[in-house]
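Scroll down for the structure; my scribbles are underneath it.
The values are calculated or read from the model by the stated rules, or taken from the named source; none is laboratory data. A quick note: this is a predicted structure, and the numbers were derived from the prediction, not measured. Glycine gets a Cβ as well: all are built from the backbone with ideal geometry, and neighbour counts include every protein chain shown.
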Amino acid sequence: AAAQDSIYEVSVSPVPQGVLCAFEDRSAWEQMDQMRRDFVANVSHELRTPLTALLGFIETLRGPARNDAPARERFLVIMASEAERMNRLVRDLLHLSRVESEERVLPSEDIDIAGLLRSVTVSLRPVAEAARVTIKLQGADQPLLIRADHDQMTQVLTNLVENAVKYGSPAGAEVQLALAPEQGPRGQQLRISVTDQGEGIDPFHIPRLTERFYRVDGHRSREKGGTGLGLAIVKHIVNRHRGRLIIESKKGKGSRFSVLLPYEPR
Ligand code: ADP
């Protein structure tokens, strides 16, 4: 069963409608400015690392490795993976900037969220199989219509399930993806949860996981192809849907990420 030692709710407050931020005091403004500068510094650092590696390999290929065919092959493989890393980072930065700019616009599509869960499960099966993890789907047999953005919800579930597979799910483990309508404090709501049997997260880190570039272990995240932006993107999308993101985790046992969405049964 799920890990419930430390529970943290990431997005509670509804996004203000039509309110431009007016900073009353200087310290709030300075804080925003500092955040912006940190972000630019982080992006530069994240891009520079693979770029430096690429430039280094180019030098070696021009010089010492010029006539060493096996070394050339090896270096090209590494270079391709560094270039892919930059590609993922730029892709996630674009996603993040798009979801941030759309956050105030309510989604207007009617989508079958159960079908969406099924298709995410199918498309992530190869990733799960490579890690020898099984994705179990619950509650998604019947169509269930909600007002949501199809591509963004796909992205939320993809990010959450990929993380569940990536972060320490041991071989043979299960990742559970479940969908269930329930009674919430403000009427009916839909709960979509992703539960893993992975390494769990220290409570100290949980409140910060949705910050851009925040990682518990930067080395591991990069090794697994992470950009550190996945949960920041999730948070903005959930906010746009007037939903809530709840993170529960128990170190050594696993984690559960739940998205609660407003829901009117039809
Ligand atoms: P990344 O690209 O690094 O995966 P995310 O924003 O998706 O970035 O996640 C931020 C960090 O949260 C990860 O680096 C990882 O340390 C932690 N994390 C996310 N999901 C899980 C999980 N299911 N179990 C354990 N740790 C997780």
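Ser81 meets all of the listed conditions (1) out of contact with any strand residue (DSSP E or B) (no Cβ under 9 Å at 6 or more places or on another chain); (2) in a loop (DSSP other than H, G, I, E, B); (3) among the small types (Gly, Ala, Ser) but one, namely (2). The lone criterion from (1) touching a strand residue (DSSP E or B) at 6+ places or on another chain (Cβ under 6 Å); (2) more than 21 Å from Leu106 (Cβ to Cβ) left unmet by Pro181 is number (2).
If Thr52 satisfies all but one of (1) surrounded by 13 or more Cβ atoms within 10 Å (Cβ to Cβ); (2) within 27 Å of the chain's Cα centre (by Cα); (3) modelled with pLDDT of 95 or more, what's the number of the condition it fails? It fails just one condition, (1).
If you check Leu190, Leu260 for being in contact with a Phe, Trp or Tyr (Cβ under 6 Å, 6 or more places away or on another chain) and modelled with pLDDT of 95 or more, only one passes: Leu190. If you take the residues in segment 179-211 that are small (Gly, Ala, Ser) and within 11 Å of the ligand (Cβ to nearest atom), which one is surrounded by the fewest Cβ atoms within 10 Å (Cβ to Cβ)? By that ranking, first place goes to Gly200. Of the residues making up segment 126-167, those that are within 16 Å of the ligand (Cβ to nearest atom) and of a type in the set (S, T, N, Q) are Thr134, Gln152, Thr154, Gln155, Thr158, Asn159, Asn163.
Here is the figure for segment 214-228: residues that are more than 6 Å from the ligand (Cβ to nearest atom) and either among the charged types (D, E, K, R) or crowded, with 18+ Cβ neighbours inside 10 Å (or both) total 4. Would segment 107-125 turn up any residue that is part of a helix (DSSP H, G or I), closer than 30 Å to Pro50 by Cα and more than 16 Å from the ligand (Cβ to nearest atom)? Looking through segment 107-125, at least one residue is part of a helix (DSSP H, G or I), closer than 30 Å to Pro50 by Cα and more than 16 Å from the ligand (Cβ to nearest atom). Inclusion of Gln176 among residues that are within 16 Å of the ligand (Cβ to nearest atom) and closer than 21 Å to Tyr263 by Cβ is warranted.
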